[in-house]
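Student: Quick one: the structure is below, and I'll ask about it shortly.
The values are calculated or read from the model by the stated rules, or taken from the named source; none is laboratory data. None of the values given here were measured: they were computed from a predicted structure. Counting neighbours? That spans all protein chains shown, and the Cβs are built from the backbone with ideal geometry, glycine included. The protein model used for the area step is the full one, side chains on, heavy atoms only, and it has no ligands, DNA or RNA in it. Shrake-Rupley method; radii C 1.70, N 1.55, O 1.52, S 1.80 Å.
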Amino acid sequence: GDSLSTDFSQDPVHTYNTIDSFQVMQIVMDQFGCRDTARQTLDLHVYVALPNAFSPNGDRRNDLFHLLYPEERSDALTLLDFRVYNRYGETVFDAQGDIDSGWDGTYKNVKQEPGVYVYYAKLRTRYNEEIILQGNVTLLK
């Protein structure tokens, strides 16, 4: 972990104060004095990604342009901003703080043309680390 702490309790708990990857080691001993050791790398980083293309054609595959992150880390993220812009700079999608929302390829209920759109997303982790994603996404038909 992040310290040389020793805990003899049956269900030890440790709180990390920084985001990093830690080598965790557990040594157990049974009633006969037999020991076993387990080591595991614990990665506290939160990884978020966005696809580079999507196809909102109703086939239920890649129909939504949305944030991708491990489900078990969803409580560790706060969405500050997530927008998609067309080539004229108009905001065609605004998540309005809803981390689970995504763009369905429409703007004002009108299907948008296939092409390249620009996105910007800003998130904060529970450790106050900011994650900024920006780039292009291709809307396919």
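Student: Could you derive backbone 3J(HN,Hα) for segment 27-36 from the dihedral phi with the Karplus parameters 6.51, -1.76 and 1.60 (θ = phi - 60°), listing whole Hz in sequence and x where the residue is Gly or Pro?
Tutor: Per residue, the Karplus-derived 3J(HN,Hα) values read 10, 10, 9, 8, 5, 9, x, 6, 10, 9 Hz.
Student: Give the peptides 106-115, 129-138, 61-70 in descending order of average Cβ contacts within 10 Å, highest first.
Tutor: Numbers: 106-115: 11.5, 129-138: 13.1, 61-70: 15.0.
Averaged packing, sorted descending, gives the order 61-70, 129-138, 106-115.
Student: Moving on. If I compute solvent accessible area with a 1.4 Å probe over the protein chains, what percent of it on the chain is carbon and sulfur? Don't jump to the answer; show the numbers that get you there.
Tutor: Numbers: 4680 of 10050 Å².
Ligands and nucleic acids excluded, carbon and sulfur give 47 percent.
Student: Could you give the dipole magnitude of segment 53-105 about its Cα centre, charging the beta-carbon of Lys and Arg +1 and that of Asp and Glu -1, in debye to the nearest 20? If you can, show how the numbers build up before the last one.
Tutor: Numbers: 5 positive and 11 negative charges, 53 e Å.
For segment 53-105, the charge dipole is close to 260 debye.
Student: Please arrange ASP36, ASP59, ASP43 by accessible surface area, largest first, computed with a 1.4 Å probe and ligands excluded. Please report the intermediate quantities before stating the final value.
Tutor: Numbers: ASP36 100, ASP59 75, ASP43 50 Å².
Per-residue accessible area, sorted high to low, gives ASP36, ASP59, ASP43.
Student: Further question on the same structure: Accessible area per residue, 1.4 Å probe, Å², for the chain: what's the number?
Tutor: On the way: 10050 Å² over 141 residues.
Ligands and nucleic acids excluded, the figure is 71 Å² per residue.
Student: Which whole-Hz ³J(HN,Hα) couplings does segment 8-14 yield from phi under the Karplus relation 6.51 cos²θ - 1.76 cosθ + 1.60, θ = phi - 60°, glycine and proline marked x?
Tutor: Along segment 8-14, the couplings run 9, 6, 5, 10, x, 10, 9 Hz.
Student: What is the sum of charges, Lys and Arg at +1 and Asp and Glu at -1, for the other residues whose Cβ falls under 10 Å from the Cβ of ASP94?
Tutor: Details: positive: ARG83; negative: ASP81, ASP98.
After counting each charged neighbour, the total is -1.
Student: What list of ³J(HN,Hα) values in whole Hz, one per residue of segment 78-88 in order, does the Karplus curve 6.51 cos²θ - 1.76 cosθ + 1.60 (θ = phi - 60°) give from phi, with Gly and Pro shown as x?
Tutor: Per-residue couplings from phi come out as 10, 7, 9, 6, 7, 9, 10, 10, 8, 5, 9 Hz.
Student: If the cut-off is 16 Å between C-alpha atoms, which aspartates and glutamates fall inside it for LYS122, apart from same-chain ones fewer than 8 positions away?
Tutor: Qualifying aspartates and glutamates at Cα under 16 Å: ASP75, ASP81, ASP94, ASP98, ASP100, GLU130.
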